[in-house]
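Peer 1: Let me give you the structure first, and then I'll get to my questions.
The values are calculated or read from the model by the stated rules, or taken from the named source; none is laboratory data. Source: prediction; values computed, not measured. Here the Cβ is made from the backbone with ideal geometry for all residues, glycine too, and neighbour counts use every protein chain on show. Just the protein is used for accessible areas: all its heavy atoms, side chains included, with ligands, DNA and RNA removed. Shrake-Rupley method; radii C 1.70, N 1.55, O 1.52, S 1.80 Å.
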Amino acid sequence: MTAETDKWIEGRQKLGELFTKLKIKTVVIVDDEYERIPGPSDVTRVFLSQEGDEGRRQKLRAILSSVPFDEPDENWTDQLLRALSEATPDQLKTVAALTADLTDGESDAAVLSQVEAWLPENIHLARLTPAEWESAADGYLGSCSHESRTLFLFDQELGTATLPSARTFRTGVDIIRSLVSRHPEKFGKNFFCGILSHTIEANDEIGKWRKLANDNEAGLKLKHFMALSKKNVRAGENFFRSIRRTVLNIYCEEIKEVAEENFAIALKSALDSFRDIDPIDFEHIVLKSSDKDGVAEIETIQRVYLILHRASARSAFLTQDRRRKMQDSAKQARAIADVDRGGTNHSLVRLRKLRHDELFDDGGNINPCHEPVRNGDIFEVGSGADTQRYVLIGQPCDLMVRKDGKRSRENNFKIAFLAPLTMLDVSTTPEDKKGVNFFSLPHVNSGGDLQAIVRFSEATVANLEVLDLSVLNDDGACKVEKDKSPDPDAFYHLSWVKRAGLLQSRYSKIIREVEDFERRHGADAAKEFGKWRMPSLAMSSSLRFLGSFSKGAITYPVTRVSRAIEPLSNQMLAAFGEFVAREARDHDYSLLEVVAS
C-alpha cells in the first residue's frame, strides 16, 4: 500500500468513528452537478484510460449490462448510447460519479466523487439535484432522528437553468434558512448542515462561514451550518477536519450563546453594583487609597469592577437552566472531540496568538499610556542588528513610585535587575542542570511561537533612573530633552507627574553640565565627559556608558517593547528569588580521577 492509500484508509476510519459516535447514518448531498448527464465518451475513458481501475469498470458493467465492453470500443458505441438513455436517474448519478475524476480532477463532479469515496460503507448516501430536494426534502427530514441522524451537504450556487421557476431557493443558504424556520429544534439533535462549495477557499472556511451568516442574517446563525471547501476534499485529512468542525459547531456555538447571555447578565449586574457604590466609599477606595500607595486611580477602578464582575458572572453561570443547557452541549461536544485530537497549523497559530495575548501586553498598548515600569517589562537594548532584549525583575512594592514621586528604597537598596533573554522555539526545552538558572517566558512574540529564556545567572543590577525615561515617551524610548516640561495630563498616575518632574530636572542639570563642558573644552572632550556623567543603564560592563548627548538631549538605545503580566511576571520573580536563595553546597573533595592502581 502507498502512503497515500494509508492516509485515505485512516481518514475514512476516522470519519466512520465520528459518524458512529454521533449516530449519523445518512448523508444527503444536494448539488446541481448531479444534473449533469454523462455521455459515452465519459464511460469510454474509464475503459481505455490507465487510471480507470478494475473496480470502477466492474460497477459500470453492472449498471450498463447490455454493453459488450470486452469487444473493441468501436463496436459498442451505439449500445452504450442506448444503455445511458435507458438508465434511471440514480444509475446516471452513479455513472457520473464513477467517471467524474477522469474528466477534470478539480471539477465539481470529480470532487463529489471523492466525497462519496471518503464516506464509510455503512453510510446511506443520497445524491439529489436541487429539483429532487424540492420534492423529497420532507421525507428526508422526517426520517432522521436522534438515533439515526443525517448530515446534509448543500452546494451554495445551485443554478437555475433546468429547474422549476417556482422553486423557493437558489442557494444552499436558502435551504438552511428554510430549515431554521421550520425545524429549529432539530439542528444538532436530528441533523447537521454544511455548505460544500467550490467558491470557498481551502484556508478560508471560517471566514466564509462568518460572511455567509452575516450576509444572510434573517433567522440564520453560525450554529446552524458550517462552510466546507470542495478544494479540501482531495486532501483527506483536511476534509475530515472540515466534517469534524461541522458536527462540533452547533454544540460549541450553543455553549458560546449561553456564555454570552451570562456575560451580558453579569455585565449589567456588575455595572449596577458599581453605580450603587456610596460616594464616600468610592472616594476612599479610588482616590484616597490610590493616592496613598501611588497607584493609578484607573487601576483601582478596574480592580473594583473586576471584583464585582467576577461575583456577578459566577452567579449567572450557576443559574440552573443555563448551566444545564451548557452542560448538555458540552457533553455532546465532548463525546466526539476526542476523535482525532490533532490540530492543524492554522489552529496552532491561533491558539499561540491567544496565549500570547493572555501573558503579555505589547509596547503599543502600555507606552502611549505612560505606564510606570513594572516587574516583567521587556526592554530592547542596542540598535539595528545588534540588539539584545532584557526583562526587568523587581519586587512590585519596591518598584512603586509613591505620591512624592520617589521610591521607598531608591538610593540605598538593589531593588531591580535586568536579566538577558535568549529566544528559542516555544516547543524547545532549555537545558538547565541545576534547575534554577533559567525561567521561560512562553509565547513572548506576537505570533506566540517563541519563548524567552530568562538567564538569571547573568542578571545585573538595573538603574531605574534610566529605565524610567521610557515612561516619559509615547514610543517607550529612553530619551529626555533639556527643560522640556512633561505634560501632566499625559500621566494618569498622579505620583508620576511628580516623578516626571524630578527626572526632567535631574537630566536637564546633566545636559547643562555637558554643554558647559563642551563650550570650554570642545566636542570630543565633552563626549568623553558625558559618557561618565550620564547615568549607566546597569552595572554590567556591556550596559554602561550607553547614553549619548546631542542637541540638548540625552538618548539611550533602550526601548520598552512589551510586558509579561501577572501571574507570569510574579512566577518569574519567585523563580528569581529561588535562584538567589539557592543552597550553597560544600565542594566534594572525595572526587578523584584514578590514574594508577
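Peer 1: Residues to consider are I195, I243; find the one that is assigned to a strand (DSSP E or B) and either more than 30 Å from A316 (Cβ to Cβ) or basic (K, R) (or both).
Peer 2: Of the residues listed, the single one that is assigned to a strand (DSSP E or B) and either more than 30 Å from A316 (Cβ to Cβ) or basic (K, R) (or both) is I195.
Peer 1: Also: So, in segment 283-297, of the ones that are open to solvent by 70 Å² or more (accessible area, probe 1.4 Å) and not acidic (D, E), which residue ends up nearest to L399 (Cα to Cα)?
Peer 2: K292
Condition check ((1) closer than 17 Å to S562 by Cβ; (2) of a type in the set (G, A, S)) across all residues:
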| site | (1), (2) |
| --- | --- |
| G376 | yes, yes |
| D386 | no, no |
| L392 | yes, no |
| F417 | no, no |
| F439 | yes, no |
| P442 | yes, no |
| G447 | yes, yes |
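Peer 1: Which residues, counting only those in segment 191-205, are among the β-branched types (V, I, T) and either modelled with pLDDT of 90 or more or touching a helix residue (DSSP H, G or I) at 6+ places or on another chain (Cβ under 7 Å) (or both)?
Peer 2: Answer for segment 191-205, where residues must be among the β-branched types (V, I, T) and either modelled with pLDDT of 90 or more or touching a helix residue (DSSP H, G or I) at 6+ places or on another chain (Cβ under 7 Å) (or both): I195, I200.
Peer 1: Can you name every residue in segment 466-486 that is open to solvent by less than 90 Å² (accessible area, probe 1.4 Å) and in a loop (DSSP other than H, G, I, E, B)?
Peer 2: Within segment 466-486, D468, N473, D475, G476, K482, P486 meet the criteria.
Peer 1: Checking the structure you have, find out if any residue of segment 58-75 is closer than 23 Å to V115 by Cβ, of a type outside the set (K, R) and in contact with a strand residue (DSSP E or B) (Cβ under 8 Å, 6 or more places away or on another chain).
Peer 2: For segment 58-75, residues closer than 23 Å to V115 by Cβ, of a type outside the set (K, R) and in contact with a strand residue (DSSP E or B) (Cβ under 8 Å, 6 or more places away or on another chain): absent.
Peer 1: Could you pull out the residue among E106, E121, E86, E71 that is open to solvent by 80 Å² or more (accessible area, probe 1.4 Å), of a type outside the set (V, I, T) and modelled with pLDDT of 80 or more?
Peer 2: Exactly one of E106, E121, E86, E71 is open to solvent by 80 Å² or more (accessible area, probe 1.4 Å), of a type outside the set (V, I, T) and modelled with pLDDT of 80 or more, namely E121.
Peer 1: Among the candidates I265, I206, which residue alone is open to solvent by less than 60 Å² (accessible area, probe 1.4 Å) and not assigned by the TED database to the domain that holds R402?
Peer 2: Selected residue: I206, the only one of I265, I206 that is open to solvent by less than 60 Å² (accessible area, probe 1.4 Å) and not assigned by the TED database to the domain that holds R402.
Peer 1: Report every pair of residues separated by at least 6 positions or lying on different chains whose Cβ atoms are under 7 Å apart, first residue within segment 352-372 and farther than 17 Å from P567 by Cβ, second assigned to a strand (DSSP E or B).
Peer 2: Cβ pairs passing all conditions: D362/S562; G363/R560; G363/V561; G363/S562; I366/R563; N367/R560.
Peer 1: Continuing with this model, one more query. Just for segment 371-403: of the residues that are at positive phi and open to solvent by 10 Å² or more (accessible area, probe 1.4 Å), which one is modelled with the highest pLDDT?
Peer 2: Checking each candidate, the answer is G382.
Peer 1: So is K292 touching a Ser or Thr at 6+ places or on another chain (Cβ under 8 Å), of a type in the set (K, R), touching a residue at least 40 places away in the same chain (Cβ under 8 Å) and outside the structural domain of G547 (by the TED database) or not?
Peer 2: The answer is no for K292.
Peer 1: Hey, another quick one. Based on this model, can you work out whether I277 counts as more than 30 Å from P396 (Cβ to Cβ) and either open to solvent by less than 30 Å² (accessible area, probe 1.4 Å) or modelled with pLDDT of 90 or more (or both)?
Peer 2: no
Peer 1: Suppose we filter segment 168-190 for residues that are at pLDDT 90 or above, assigned to a loop (DSSP other than H, G, I, E, B) and open to solvent by 60 Å² or more (accessible area, probe 1.4 Å); how many remain?
Peer 2: Looking only at that region, the number is 1.
Peer 1: Taking the stated definitions as given, is K23 open to solvent by 40 Å² or more (accessible area, probe 1.4 Å), touching a strand residue (DSSP E or B) at 6+ places or on another chain (Cβ under 6 Å) and modelled with pLDDT of 75 or more?
Peer 2: yes
Peer 1: Name the residues in segment 26-35 that are open to solvent by less than 10 Å² (accessible area, probe 1.4 Å) and assigned to a strand (DSSP E or B), would you?
Peer 2: Result: V27, V28, I29, V30.
Peer 1: Here is a further query. Scanning for something in a helix (DSSP H, G or I), modelled with pLDDT of 90 or more, open to solvent by 30 Å² or more (accessible area, probe 1.4 Å) and of a type in the set (S, T, N, Q), does segment 145-167 turn up at least one residue?
Peer 2: No - not one qualifying residue is present in segment 145-167.
Peer 1: Do we have N232 as within 18 Å of S347 (Cβ to Cβ), open to solvent by 50 Å² or more (accessible area, probe 1.4 Å) and of a type outside the set (A, V, I, L, M) here?
Peer 2: no
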